[in-house]
Structures are given as C-alpha cells and as structure tokens.
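First comes the structure, then the notes that go with it.
The values are calculated or read from the model by the stated rules, or taken from the named source; none is laboratory data. Keep in mind that what you see is a predicted model, and the values were worked out from it rather than measured. So basically every Cβ, Gly included, is an ideal-geometry build from the backbone, and we count neighbours across all protein chains shown.
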Amino acid sequence: MKTPLKAWRSSLVFRVTGTIVALSIILIWLLGSALFSRVSSGIFDEKLKLSILDAQSTARNTQIQLSFSKYQDKAALTLVFDDILALPPKTYESAAKEVAVFSFSNIEKTFKFDGTSNQLNPNSIPISLRETTRKTNTTQWERTNMVYLDGRVEPAIVVGNDLTISGVGKYEFYVIFSLAQQEKTMSLIFNYLLLAGVALTLLIGLTTYFAMRRLIAPIQDAARVAEELTKGNLDLRMDFQGEDEIASLGYSFNEMAVSLQQQISRLENLSKLQQRFVSDVSHELRTPLTTIRMASQVIFATRDSFEPTVARSAELLISQIERFESLLTDLLEVSRFDAQAAVMEIEETDLVALVKETIDYVHPSQDRMIILQAPNSPIMVDVDPRRIKRIIRNLVSNAIDHRENNNIDIRIVETENEVSIGVRDYGSGFNYTDRKMLFERFWRADSSRARSTGGTGLGLSIALEDAKLHQGEIDVWGERGKGAHFVLTIPKFAGGSIESKPISAQL
C-alpha cells in the first residue's frame with residue numbers, strides 16, 4: 001500500500017487533486033470568513049441600533065413618568081420603581097430586555113432603590129460602563145453577558161442612561177438586550193456556510209479527480225505501451241476514441257510506434273546483413289591472405305639479394321600483411337560475439353604469470369617504462385587464458401600508444417573472490433565525450449596515432465566483450481592531460497560474480 005508521501009510523488013492525479021482541493025479550502029475559508037464577518041457585523045449593527053433607540057425611548061418614558069409624579073414619601077417612590085422593574089420574564093421565542101437601576105452615591109440611603117428585573121445579577125453591568133455613565137449625560141453602550149441568579153448566561157448589549165428625580169438626585173438606568181437570537185441566527189448561518197463549504201470542496205475535489213483521471217488515462221496508456229515497446233513488443237498500440245486532442249495524441253503515438261517498428265526492422269535486417277557480410281568476407285579473405293602471406297614470406301626471406309628499394313618494399317609488404325591478418329582476426333571475433341557463438345575454454349591459470357607474459361609480448365621487459373606491482377605468490381583464477389591475455393594486451397597497447405614518454409603502472413590486487421588488474425598511463429588522457437565512445441567499434445580517440453601504430457579501433461570493444469564472458473567489468477577513468485586508468489575486475493572462480501572491486505578506477 002502506498003504511503004501518502006509516495007502517492008503524492010508518484011501520482012499526478014493525486015498531486016493535482018490535492019493541490020486544487022487545498023487551494024479550494026483556503027479560498028472557501030477566506031470567502032466564507034469574509035461573508036460571515038460581514039453578515040454577523042450587519043446583524044449586530046442592526047441589533048445595536050435598535051437597542052440604543054429602544055433604550056433611549058425606555059429611558060425617556062421612565063423619566064417622564066418620574067417627572068410627573070409627586071413623591072411625598074419613600075413608599076410612593078418604591079411603587080414607581082417596582083413598576084419600572086416589573087418586566088415580564090424572557091421566553092424562548094422572544095428576546096426580551098432587562099432593566100437595572102442604581103442610585104448615585106450622593107443619594108440619601110432612604111431613597112436608594114437599586115435593583116434589576118427578573119433576578120438579573122447586578123454584576124452583568126460592566127464597571128467600566130457604570131463609571132462612564134456617571135460621568136456623562138449621553139447614552140453609552142457596551143457588550144456584556146446577562147448573568148441570572150439561577151446560573152443562566154447569555155450574550156447581551158447593555159445601554160446606559162441616567163435618570164433624575166427632582167429633590168432626590170440621579171440614578172443609573174440600564175437596559176440590557178439579549179443577543180441569544182442573534183447568536184442562534186449566526187450559528188445557523190455558520191453551519192450552513194460550513195456545510196456549503198464542505199459540499200463545494202468535495203464537489204471540486206471529485207470533479208478535479210474525474211477530470212484528471214480522464215486526462216491522465218491516455219497518458220498512462222501511452223506509458224504502458226511505451227514500456228512494452230522498450231521490451232520488444234512492437235505490435236502493441238494505444239486505444240483511443242473520438243477526434244479531440246487526446247485522440248490526436250493516441251493517433252500520433254501509434255504512428256510513431258509503427259514508424260519505430262519499421263525502423264527497427266530495417267535496422268535489424270541491416271545488422272544481420274552486416275554481420276553476415278563481415279563474417280563471410282572475413283572467412284573468404286583468409287584463404288587468399290594465407291597465400292599472399294606465404295608468398296610475401298618467401299620474398300621477405302630473400303630481401304638481401306634485392307635492391308634497397310625492393311627490399312624495403314618487401315619489409316613493408318610483410319608488416320601490412322600482418323596488420324591485415326590482425327584486422328581479419330578481430331573481425332572474425334566480432335562476428336562471433338554478434339552471433340553469440342563465442343566459446344570460452346576455462347583453465348586454472350596463474351594470473352600474475354599471464355600478465356608478465358603479456359607485457360613481455362607487447363613490449364620487451366628490458367625497457368623499464370612498464371612498472372608492475374603484483375604479489376610474489378601466484379594468483380590462481382578460472383579463466384580463458386587466451387581471452388584474458390587479449391584483454392591485457394589491448395589495455396597495455398593502448399597505454400603505450402598514449403603514454404607520452406611517461407611510465408606505465410600495472411597493479412594486480414586480489415580479494416577472496418575477485419581480482420583486479422589496473423593499467424595506468426600518464427599521457428594525453430581523454431575527456432568526458434571520449435569516455436562514452438571508448439568501447440565503440442572502430443572508434444579512435446586519435447585516428448592518426450592509431451593508424452600509425454596499426455590500431456583497428458576494435459581492441460577495447462573486444463576486450464569488453466571478453467570481460468563480460470567472464471562475468472567481469474572494465475572500469476575506466478581519464479582526464480585530458482593527466483592520463484587514463486583502465487581496471488579489469490573478474491571473479492576468481494568460474495560462474496562467480498563480482499561483489500567488490502579491489503582496485504578503483506577513480507583516482
């Protein structure tokens with residue numbers, strides 16, 4: 001089962017859908033928050049406006065009632081205030097107002113008539129509002145909570161005014177309006193906005209998902225068909241319908257697959273013809289070449305009796321025939337690799353002795369330009385001596401051709417299961433572009449030098465094929481002006497595999 005992180009990286013549908021859903025959530029949240037804020041602000045402002053008007057009207061009527069009363073004693077004044085505070089209790093359907101009256105501090109104790117309606121807790125009136133009401137004659141308001149003695153709490157707006165009783169003094173008069181209905185309305189609006197946001201997000205997500213699936217399906221089909229084409233199933237094609245852009249993609253892809261199949265078929269036929277031509281020509285040329293070689297050897301043996309120019313021609317003839325024979329041998333070996341007919345003759349061989357023998361063959365050992373670092377004891381390996389010798393001969397010959405009068409270091413290092421042979425020269429080296437072409441057939445880094453020393457351009461490609469037959473590898477490092485380092489690594493035992501590399505090509 002894919003983890004969310006892996007699904008995010010590997011699935012374009014999941015990534016695009018997730019991104020659009022995330023952006024939709026942010027956008028819907030911003031728009032919903034702005035809309036809810038504007039609606040709630042409008043509802044509260046309207047409620048505040050009506051509450052202030054209602055409170056001012058209530059305070060004005062109460063002041064008129066007090067102004068037209070003739071207060072003879074405390075009992076009569078008490079009846080008036082009881083009438084002011086005698087509001088009907090608030091029901092669930094109607095958000096009624098509450099009233100609170102407080103005496104100023106300079107009023108005689110006899111005429112203090114502090115009280116609230118419907119058992120409202122006097123602490124529901126904020127101290128800050130009370131202080132402001134005492135200092136000014138204008139209407140003041142503030143948000144608060146209506147707290148009843150029975151424990152009920154509701155959000156509210158409290159509006160404060162002052163009342164004056166002639167001959168007695170001033171009183172604080174507060175009208176408290178419940179915001180429970182407004183809060184209920186806002187809660188309902190919020191729930192609807194939330195539900196609409198969730199529904200809209202799901203709708204956007206599902207729409208995006210199905211749209212992306214519709215768009216990605218042909219791409220996935222194209223990827224599947226392309227993968228099968230790379231595996232060699234050239235007859236597979238995309239299925240498409242309609243005439244839209246997706247259908248045009250499928251049509252173009254199928255046309256490309258047909259063209260690719262035709263090109264590969266032509267190249268395969270051409271390759272087979274080329275392999276057969278090389279093989280046939282190589283075999284056919286060996287018979288006349290043998291005859292020419294025999295005749296040239298007779299001429300070369302009697303060259304002392306010829307004139308100097310004719311004797312020199314005999315020497316050139318024998319050298320070019322040897323080069324021609326070497327080229328035919330390489331071509332025959334290449335044809336065997338192409339036909340997968342190369343056969344190894346495995347023998348237990350001392351690799352150290354084999355390397356020394358090859359060095360002596362390629363270049364006389366009395367010339368100290370080749371420095372060999374090898375164990376004193378034999379290194380026994382299961383290899384085809386002829387092929388390993390050919391690999392080493394090619395690597396050493398290349399190093400000699402490009403050494404620029406510097407020494408060549410050859411190292412042999414073994415482990416329990418592998419053995420590596422490193423050939424390091426300090427000559428011209430090669431760049432990154434050349435590195436990719438080193439093992440290509442008939443390719444030369446320096447064609448003029450290769451031709452002067454008789455190179456065919458097949459040596460490294462044959463060496464690589466010989467190494468692969470032994471389940472081995474050839475690693476290479478080089479840098480322009482600093483030389484090159486070729487490392488052959490093979491398992492010690494027949495049928496084994498490389499688990500480590502005793503010598504690293506990278507210096």
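Of note:
- If you go through region 147-173 and keep only what is of a type in the set (Lys, Arg) and either touching a Leu at 6+ places or on another chain (Cβ under 8 Å) or more than 15 Å from Asn123 (Cα to Cα) (or both), you end up with just Lys170.
- Condition broken by Leu327, with the remaining ones in (1) outside any loop (DSSP other than H, G, I, E, B); (2) without any contact (Cβ under 8 Å) to a residue 60 or more places away in the chain; (3) more than 28 Å from Pro491 (Cα to Cα) satisfied: (2)
- Residues of region 395-430 that turn out to be modelled with pLDDT of 85 or more, of a type in the set (D, E, K, R) and not in a strand (DSSP E or B), as a count: 1
- Scoring Gln506 on the criteria (1) within 38 Å of the chain's Cα centre (by Cα); (2) modelled with pLDDT under 85; (3) in the same structural domain as Asn376 (by TED's automatic domain parsing) leaves a single failure, condition (3).
- Residue count for region 194-221, restricted to those that are of a type in the set (A, V, I, L, M, F, W, C) and buried (at least 18 other Cβ atoms within 10 Å of the Cβ): 2
- Hey, Phe240 surrounded by 12 or more Cβ atoms within 10 Å (Cβ to Cβ) and at pLDDT 75 or above or not: no
- Scope region 226-276; condition in a helix (DSSP H, G or I), farther than 30 Å from Arg441 by Cα and among the polar types (S, T, N, Q); matching residues: Ser248, Ser252, Asn254
- Candidates are the residues of region 112-135 that are under 15 Å from Ser178 (Cα atoms) and of a type in the set (S, T, N, Q); the one that is surrounded by the fewest Cβ atoms within 10 Å (Cβ to Cβ) is Gln119.
- Of all residues in region 431-471, those satisfying the criterion of being under 15 Å from Leu395 (Cα atoms) and either in a helix (DSSP H, G or I) or modelled with pLDDT of 85 or more (or both) are Arg435, Ala450, Gly459, Leu460, Ser461, Ile462, Ala463, Leu464, Glu465, Asp466, Ala467.
- Arg143 being at pLDDT 90 or above, of a type outside the set (Phe, Trp, Tyr), closer than 18 Å to Phe44 by Cβ and surrounded by 12 or more Cβ atoms within 10 Å (Cβ to Cβ): yes
- Residues of region 90-111 satisfying the condition of being modelled with pLDDT of 75 or more and either within 11 Å of Ile176 (Cα to Cα) or β-branched (Val, Ile, Thr) (or both): Lys97, Glu98, Val99, Ala100, Val101, Ile107
- The single condition among (1) under 30 Å from Phe14 (Cβ atoms); (2) surrounded by 11 or more Cβ atoms within 10 Å (Cβ to Cβ) that Ala295 does not meet is (1).
- Residues of region 53-78 satisfying the condition of being under 20 Å from Thr116 (Cβ atoms), hydrophobic (A, V, I, L, M, F, W, C) and modelled with pLDDT of 75 or more: Ala55, Ala59, Leu66
- Among the residues of region 104-132, just one is in a loop (DSSP other than H, G, I, E, B), charged (D, E, K, R) and within 22 Å of Glu142 (Cα to Cα), namely Asp114.
- Contacts under 6 angstrom Cβ, first residue in region 217-239 being under 23 Å from Leu267 (Cβ atoms), partner modelled with pLDDT under 75 and assigned to a helix (DSSP H, G or I), 6 or more apart: none
- For region 304-327, the candidate set comprises residues that are touching a helix residue (DSSP H, G or I) at 6+ places or on another chain (Cβ under 8 Å) and under 20 Å from Leu289 (Cα atoms); within that set, the residue that is surrounded by the most Cβ atoms within 10 Å (Cβ to Cβ) is Ala314.
- Tabulated pairs, region 345-364, first without any contact (Cβ under 8 Å) to a residue 60 or more places away in the chain, second in a loop (DSSP other than H, G, I, E, B) and of a type in the set (A, V, I, L, M, F, W, C), C-beta under 8 angstrom, 6+ apart or interchain: Asp350/Ile379; Lys356/Ala374; His363/Met369
- So Val278, is it of a type in the set (Val, Ile, Thr) and modelled with pLDDT of 80 or more: no
- Every pair of residues 6+ apart whose Cβ atoms lie under 7 Å, when the first sits in region 169-182 and is closer than 12 Å to Leu50 by Cβ while the second is among the polar types (S, T, N, Q): Val175/Thr58; Phe177/Ser51
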